Structures are given as structure tokens and as C-alpha cells.
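Structure, as C-alpha cells:
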Amino acid sequence: MILLAVIALLSLLFGAGAVGPDRAWLALSDFDAAAMHDSEAHFVIGELRLPRLGIGLVVGIALGIAGALLQAVTRNPLAEPGLLGVSAGSAFAVTLAILWGADAATLRISVAQLGALGGCLCVLAAARLQGIGNDPVRLILAGAILSGLLHSLSSLILLFDQYTADEIRFWVVGSLAGRDATDLMPLAPSLALAALLTVILARPLAALALGEHVAIGLGHHPRIVRFLVIVVVALLVGGATAIAGPVAFVGLVVPFAARALAGPDIRRTLWFCLPLGPIVVVSADIVSRLVVQPSELPLGVITALIGAPVLIAVVRRRRLPML
């Protein structure tokens with residue numbers, strides 16, 4: 001938590017604009033006085049960086065928890081919303097919504113969550129197929145095919161509709177830039193529901209990790225547990241994608257690090273994902289602002305650079321552990 005607090009402070013101090021760390025620190029030290037003496041720093045901190053930090057925290061928690069749940073329900077350490085087509089399904093649904101004129105934030109979030117649910121159901125169906133579900137790499141390849149198909153369809157839509165292309169050009173690769181704190185308000189009910197369901201599902205998931213027969217013997221219903229987990233993943237990934245775009249590899253890196261610290265128990269893993277998710281997303285966002293000043297890179301580019309080595313490390317293990 002101390003590391004998260006430090007990174008949150010750095011997120012407020014550093015940015016791609018003219019307000020450097022010294023002016024930002026003075027504005028933070030006396031925020032009310034900064035409104036009179038340095039209105040630019042006051043505006044940048046209060047209206048740009050602070051809401052961006054809040055959205056980064058929410059997106060990090062959502063994607064980290066979603067990745068851990070998806071890996072647990074598929075028993076696949078490579079399962080990640082971006083790799084399995086869940087984020088692509090959500091992004092494709094948002095693309096269609098913008099094409100058809102959807103403007104309300106609540107509507108866009110609902111559409112993104114429905115798209116994520118469709119992607120989750122495809123993942124769950126593939127995971128139950130003999131020869132695919134039992135092979136983690138084949139499951140990832142199936143997800144890559146789904147992602148490629150949906151991305152191609154999205155690109156085709158953008159090619160023929162300039163308005164839609166202009167609306168989501170930067171969003172489609174994942175970014176926290178230009179977001180407002182009000183974007184989080186329509187997301188609050190679904191996040192609250194997802195949090196409640198995650199708490200309820202933690203114990204059944206721990207039992208399910210020991211095998212279906214053990215879980216049934218302990219009074220749990222594996223099919224219901226899997227379905228509810230998919231609903232939670234759809235709520236989290238759809239919501240995160242609606243406000244930040246499809247941010248890749250966070251759902252892989254965060255559970256990987258959490259299991260390294262917490263062990264195989266899904267309950268402990270979920271607790272560790274709470275700070276680790278925001279740490280990864282906010283850190284990547286800071287880097288995205290600094291590497292090409294005065295412009296900035298999309299967040300999804302930085303998370304991909306972080307996640308690719310983790311993906312290679314997991315794949316190259318001699319024995320790919322099943323969760």
C-alpha cells in the first residue's frame with residue numbers, strides 16, 4: 001500500500017504538459033492558494049491528473065481482479081481478458097454503439113459489458129472443448145483468433161465511417177487521457193455488484209480449484225460458480241474497457257505477480273490484486289506521459305511492453321502449471 005501511495009503521488013507530480021513536479025508539489029501543498037497564485041497548476045492537478053489517477057486506480061483493480069478470476073475459472077495461467085478476446089468483444093460492442101449514435105456514458109458501459117459477456121461465453125465454451133480447454137496454449141490461440149476477428153471487424157467499420165474513427169482512434173488502443181471523474185459515476189453500480197459477487201465467489205472458487213468433485217462435496221455448484229464468475233469478469237472488463245479502452249496484459253501481469261506473493265489460494269491472490277492492479281496501470285500511465293513529451297503514448301502500448309515478457313516467461317516454462 002505504501003508503494004501504491006508513492007506511485008499515486010508521482011502520478012500527480014509528473015505529466016506531459018508544462019506543469020512540472022515543482023509546480024505540482026507547490027499546488028498540492030496548498031491546493032486552495034494555488035487557485036490564486038498558479039491557476040494553471042491548480043487546473044492541471046484538480047481537473048486533469050487527479051481524475052486520471054482515480055480512473056487508473058479503478059481500471060487497475062477491475063482488470064487485475066478480472067484476470068485472476070478468469071484464470072481461476074479456466075484453470076489457465078495464461079488466461080487474460082485481452083488475450084482471450086474478452087476485451088476485443090467489449091471494444092467491438094462499443095465501436096458498434098458509437099457507429100449507431102450512442103452518446104450516454106451509461107449506455108456505452110452497458111454495451112461494453114454485454115460485449116465482454118459475449119467474449120467470456122466464447123472463452124468458457126472453448127475451455128470446455130476437449131483438446132482446447134486442456135491445453136492452455138491452444139486456448140490462448142483460440143482467443144487470439146477471436147480477438148483478431150473482432151479487431152478486423154472493428155477496423156473495417158472505422159475504415160468506412162470517419163466519425164466513428166475520430167471518436168475512438170486513441171481510445172481503441174487504451175488510454176486514460178481525456179477522461180473525467182464523471183465517467184466513473186455510471187460505472188459505480190456494476191462495480192459494486194461485481195465486488196459483492198467476488199466476495200461471495202471467493203470460497204467456492206477455492207474449493208473448485210481442488211476439483212469439481214471436492215467442490216460438489218463441499219456443497220458448491222460448479223456450473224453456477226463458473227457462470228457467476230463470467231458475469232463478474234464481464235462487468236469488470238466491460239466497465240474498464242468503456243472508460244479506458246482495451247488495455248492489454250494487465251489481467252496477466254497482476255495475477256502472475258499476486259500468485260508469486262500469495263501462493264495458489266485464489267482468496268489471497270484476489271487481495272493482492274487490489275493494490276497490484278493500480279500499481280501496474282498507474283505506473284504504466286506515468287511512463288506513457290514522460291517518454292515522448294510533450295505528447296504521450298497510449299497506455300495500452302506500455303502495458304503491452306510490460307506484459308509481453310511475462311507472457312513469454314510463462315509459456316517457456318517446462319511445465320505450465322494448471323491452477
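Restricting the search to the range 64-85, which residues are under 16 Å from Ala209 (Cβ atoms) and either surrounded by fewer than 24 Cβ atoms within 10 Å (Cβ to Cβ) or not small (Gly, Ala, Ser) (or both)? Listed by number, the residues that qualify are Leu69, Leu70, Gln71, Val73, Thr74, Arg75, Asn76, Pro77. Of Val282, Val287, Val225, Val233, all but one fail to be closer than 20 Å to Ser90 by Cβ, touching a residue at least 12 places away in the same chain (Cβ under 8 Å) and among the aliphatic types (A, V, I, L, M); the exception is Val233. Looking only at residues in the range 89-126 that are polar (S, T, N, Q) and farther than 17 Å from Gly67 by Cα, the one that is modelled with the lowest pLDDT is Thr106.
Here Gly60 passes the criteria (1) touching a Phe, Trp or Tyr at 6+ places or on another chain (Cβ under 8 Å); (2) assigned to a helix (DSSP H, G or I); (3) open to solvent by less than 10 Å² (accessible area, probe 1.4 Å) except the one numbered (1). For Ala27, the conditions (1) at pLDDT below 90; (2) closer than 21 Å to Asp285 by Cβ; (3) open to solvent by 10 Å² or more (accessible area, probe 1.4 Å); (4) of a type in the set (A, V, I, L, M, F, W, C) are fulfilled apart from (3). Per the listing Val282, Val287, Val292, Val301, the residue uniquely of a type in the set (Val, Ile, Thr), open to solvent by less than 70 Å² (accessible area, probe 1.4 Å), more than 20 Å from Gln71 (Cβ to Cβ) and part of a loop (DSSP other than H, G, I, E, B) is Val292. When the range 185-204 is filtered for residues that are surrounded by 14 or more Cβ atoms within 10 Å (Cβ to Cβ), among the hydrophobic types (A, V, I, L, M, F, W, C) and closer than 14 Å to Trp271 by Cα, the ones remaining, listed by number, are Ala195, Leu201, Ala202. The listed residues are Ala234, Ala257, Ala248, Ala209, and the only one of them that is hydrophobic (A, V, I, L, M, F, W, C), under 15 Å from Thr74 (Cβ atoms) and open to solvent by 20 Å² or more (accessible area, probe 1.4 Å) turns out to be Ala209. When residues in the range 165-184 are screened for being open to solvent by 80 Å² or more (accessible area, probe 1.4 Å), touching a helix residue (DSSP H, G or I) at 6+ places or on another chain (Cβ under 8 Å) and either modelled with pLDDT of 85 or more or among the acidic types (Asp, Glu) (or both), 1 of them pass. Looking at the range 86-95, which of its residues are open to solvent by less than 20 Å² (accessible area, probe 1.4 Å) and hydrophobic (A, V, I, L, M, F, W, C)? Matches in the range 86-95: Val86, Ala88, Ala91, Ala93, Val94.
In the set Ala248, Ala234, Ala242, only one residue is at negative phi and assigned to a loop (DSSP other than H, G, I, E, B); that residue is Ala248. Pro264 fulfils the conditions (1) touching a helix residue (DSSP H, G or I) at 6+ places or on another chain (Cβ under 9 Å); (2) open to solvent by 20 Å² or more (accessible area, probe 1.4 Å); (3) in contact (Cβ under 8 Å) with a residue 40 or more places away in the chain except for a single criterion, (1).
The values are calculated or read from the model by the stated rules, or taken from the named source; none is laboratory data. Keep in mind that this is a model prediction, so the values were computed, not measured. Counting neighbours? That spans all protein chains shown, and the Cβs are built from the backbone with ideal geometry, glycine included. Each accessible area value is taken on the protein alone, full model and side chains, heavy atoms only, with ligands, DNA and RNA left out. Shrake-Rupley method; radii C 1.70, N 1.55, O 1.52, S 1.80 Å.
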